[in-house]
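No lab work stands behind these numbers, since they all come straight from the coordinates. All values derive from a computational prediction rather than experimental measurement. All Cβ positions, glycine included, derive from the backbone under ideal geometry; neighbour counts span all protein chains shown.
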């Protein structure tokens, strides 16, 4: 089930063909100002899954069928989606503990 959507498209009016990635929403817990999702049991959690060349509607339907709460990331339909995703997600986290308020 979708709990959050992050849209990284540079062409936001393109909906026929996108790439989609889902991750358990609890992955966002350590981000600054994030709502806190409860931990999902290890046998149920979705660490990472991807669908390419789907419509936005198909991506939403797929993500809503997930077995745990997920964040749906939407990207333009390019081959570099995985690299972009991990670059974007890496930047979610502070570079030092002091930035996180620890």
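Quick one: length gained pulling residue 51 to residue 65 fully straight, 0.36 nm per residue minus the C-alpha distance?
Values: separation 14, 0.36 × 14 = 5.04 nm, distance 1.32 nm.
Value of the extension gain: 3.7 nm.
At 222 nm, what helix-only mean residue ellipticity would the chain give, in deg cm²/dmol to the nearest 500, using -39500 (n - 2.57) for each DSSP H run of four or more?
On the way: 2 runs with 19 residues, N = 102.
Value at 222 nm, helices only, nearest 500: -5500 deg cm²/dmol.
What Kirkwood hydrodynamic radius do you get for the chain when you take the inverse of the mean 1/r over all pairs of distinct Cα atoms, in Å? Numbers along the way, then the final one.
On the way: mean 1/r = 0.0702 Å⁻¹.
Roughly 14.3 Å, rounded to one decimal.
Quickly rank 31-40, 50-59 as a protection proxy: mean count of other C-beta atoms within 10 Å, highest first.
Order by mean packing, descending: 50-59, 31-40.
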